[in-house]
Amino acid sequence: MDEKYLVVNAGSSSLKFTLYAMPSEKEIVNGSVEKIGKSDSYYTLKFNGKKIEKLQLIDDHTTAVKCMLNILLQNEFIKEIEEIKGVGNRILHGGEFYKESVVIDDNVMNNLNSLIKLGPTHIPAQIAGIMAIKKVLPNIDQVAVFDTTFHKTIPKENYLYAVPYSWYEENNVRKYGFHGISHEYITNIMKKRFNNENINLIICHVGSGVSLSCIKNGKSYDTSMGLTPLDGVIMGTRSGSIDNSIISYISNERNLSIEEIDNILNKKSGLLGIAGQNDFRDLEQQAGFGDERSKLAIKMLENSIIKFIAQYYFELEGKIDAIVFTAGIGENASSLREDIVMSLSNVMNVKLNKDINDNIARFKKYQSGVITTEDSAFEILVIPTNEEFMILKDTYNILKTKNKVQFQKKLKI
Ligand code: ADP
């Protein structure tokens, strides 16, 4: 018999959720509560190809959770709240505390609070989401699934920064890596596709946030994001890697505090900083109208991705099974994929299959596929990511094990 599990992804002003049936792995419905705390807040629900969108005043995360449960009840996706057997929460940062997903208790909450300084834009909202669910459903088991844990296999020579070693020992300064839930999902799909647990991959997660990962022998070996998600490739609003001296220089030049600069590097840089737009669709449109800054921003993003592919190609000693594009831009922007593959084909033995590449996007004929020709040395593919599904699987497995142990204890086995 199937049981219902909820996956929650809380942001500062939104709460995204998906209800699944397990063990059949069926997605029942997904939705979101948007613009929490604003006067034009609303919710959406998507199921069986249908979409409902309704304005509703939602003051805070607790009201958002109540709204989510009400609409699940009203639309009869659940008959009573007790039908939900567990909740999986996406959490940005596990720091040095967590190398696996974990059932949330008071100790976990304390640790999450201490990680706010490493994820000040994400973790407070995620804590608010957990607390809101706890308030409304005090007896339900909640699991934390971290964006960092997949990268636990990165070797020390790749995760350390060349700063005083005491910064690592005493302040936990190291590369953690992010988007791990997505990189793990893609790695698992590729292992099945190649029937090879020891696969070598370069995964390009190109969405609002962008990170590349180098998968060696089926495990994360290197990744572009660092202590926080600010590092690495250029992103929608984040700068990616820059010369650190810029911070003290610009602080003096423009009389800005470190906090102000940190905010600008996270929220007003990247594509937005260069072209005034961070949505890739808008950028493509503006570039099409001849806007030079938009063209420049796209070129900078592409070059930034190519540099990491080149680095990882060498880290894998050229022994590469595939390159994968995923997430909003990676799955949809065929022009970006074309530019990157054309550039790689000058150096690597890969050729673009333009016809297939042009036909892959969420709204086109195909949503996934191989975009290189058959005589290429390795495949370059597009695969849609599914972070919710990864969170679901971890949540289900952890709670099943927990309940089995409790049951055995009861029976004194
Ligand atoms: P996140 O989950 O971090 O919000 P996504 O993975 O959804 O990010 O990616 C969002 C990005 O994907 C945006 O820059 C958006 O413009 C881009 N995107 C979505 N659809 C398309 C499309 N059809 N063509 C080009 N870019 C797209």
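The values are calculated or read from the model by the stated rules, or taken from the named source; none is laboratory data. If you're wondering where the values come from, they're calculated on a predicted model, not measured in any experiment. Glycine also receives a Cβ, built like all others from the backbone with ideal geometry; neighbour counts cover every protein chain displayed. Note: areas computed on protein heavy atoms with side chains; ligands, DNA, RNA excluded. Shrake-Rupley method; radii C 1.70, N 1.55, O 1.52, S 1.80 Å.
May I ask you to verify whether residue 222 is free of Cβ contacts under 8 Å to residues at least 40 places away in the same chain and either in a helix (DSSP H, G or I) or not hydroxyl-bearing (Ser, Thr, Tyr) (or both)? No. Within segment 50-82, being open to solvent by 50 Å² or more (accessible area, probe 1.4 Å) and assigned to a helix (DSSP H, G or I) holds for 66, 70, 73, 74, 82.
Selection within segment 12-36: residues that are farther than 15 Å from residue 68 by Cα and surrounded by 14 or more Cβ atoms within 10 Å (Cβ to Cβ). The member of this set that is nearest to the chain's Cα centre (by Cα) is 27. In the condition set (1) within 16 Å of the ligand (Cβ to nearest atom); (2) in a helix (DSSP H, G or I); (3) touching a residue at least 60 places away in the same chain (Cβ under 8 Å), residue 205 is compliant with all but (2). Per the conditions (1) surrounded by fewer than 21 Cβ atoms within 10 Å (Cβ to Cβ); (2) within 14 Å of the ligand (Cβ to nearest atom); (3) in a loop (DSSP other than H, G, I, E, B), the sole criterion not satisfied by residue 348 is (2). Taking segment 367-380, which residues are closer than 25 Å to residue 181 by Cβ and either modelled with pLDDT under 95 or buried (at least 22 other Cβ atoms within 10 Å of the Cβ) (or both)? Residues satisfying the conditions are 371, 380. Quick check, is residue 333 away from the ligand (no atom under 16 Å from the Cβ), in contact with a helix residue (DSSP H, G or I) (Cβ under 7 Å, 6 or more places away or on another chain) and either closer than 30 Å to residue 157 by Cα or modelled with pLDDT of 95 or more (or both)? Against the criterion (away from the ligand (no atom under 16 Å from the Cβ), in contact with a helix residue (DSSP H, G or I) (Cβ under 7 Å, 6 or more places away or on another chain) and either closer than 30 Å to residue 157 by Cα or modelled with pLDDT of 95 or more (or both)), residue 333 does not qualify.
Here residue 381 qualifies as touching a residue at least 40 places away in the same chain (Cβ under 8 Å), more than 16 Å from the ligand (Cβ to nearest atom) and not β-branched (Val, Ile, Thr). Counting only residues that are buried (at least 24 other Cβ atoms within 10 Å of the Cβ), over 10 Å from the mean Cα position of the chain (by Cα) and among the hydroxyl-bearing types (Ser, Thr, Tyr), segment 186-216 holds 1 of them. Looking only at residues of segment 277-311 that are within 14 Å of residue 234 (Cα to Cα) and part of a loop (DSSP other than H, G, I, E, B), we find that the one that is nearest to the ligand (Cβ to nearest atom) is 279. Only a single criterion out of (1) at pLDDT below 95; (2) open to solvent by less than 40 Å² (accessible area, probe 1.4 Å) is not satisfied by residue 411, namely (2).
Only one of these is among the hydroxyl-bearing types (Ser, Thr, Tyr) and within 20 Å of residue 394 (Cβ to Cβ): 237, 153. Name it. When all the criteria are applied, what remains is 153. Considering (1) surrounded by 14 or more Cβ atoms within 10 Å (Cβ to Cβ); (2) within 21 Å of the chain's Cα centre (by Cα); (3) within 16 Å of the ligand (Cβ to nearest atom), the lone condition that residue 263 does not fulfil carries the number (3).
Of everything in segment 239-255, what is open to solvent by less than 40 Å² (accessible area, probe 1.4 Å) and assigned to a loop (DSSP other than H, G, I, E, B)? Give them in sequence order. Those that are open to solvent by less than 40 Å² (accessible area, probe 1.4 Å) and assigned to a loop (DSSP other than H, G, I, E, B): 239, 240. Looking across segment 105-120 at every residue that is surrounded by fewer than 19 Cβ atoms within 10 Å (Cβ to Cβ) and outside any helix (DSSP H, G or I), the one that is modelled with the highest pLDDT is identified as 105. On the stretch given as segment 267-306, residues that are touching a Gly at 6+ places or on another chain (Cβ under 6 Å) and open to solvent by 50 Å² or more (accessible area, probe 1.4 Å) total 1.
Among the residues making up segment 176-203, those that are in contact with a helix residue (DSSP H, G or I) (Cβ under 7 Å, 6 or more places away or on another chain) and closer than 25 Å to residue 262 by Cα are 176, 177, 180. Please work out which residue is nearest to the ligand (Cβ to nearest atom), limiting yourself to segment 169-199 and to residues that are in a loop (DSSP other than H, G, I, E, B) and within 17 Å of residue 370 (Cβ to Cβ). If we take residues in segment 169-199 being in a loop (DSSP other than H, G, I, E, B) and within 17 Å of residue 370 (Cβ to Cβ), then 199 is nearest to the ligand (Cβ to nearest atom).
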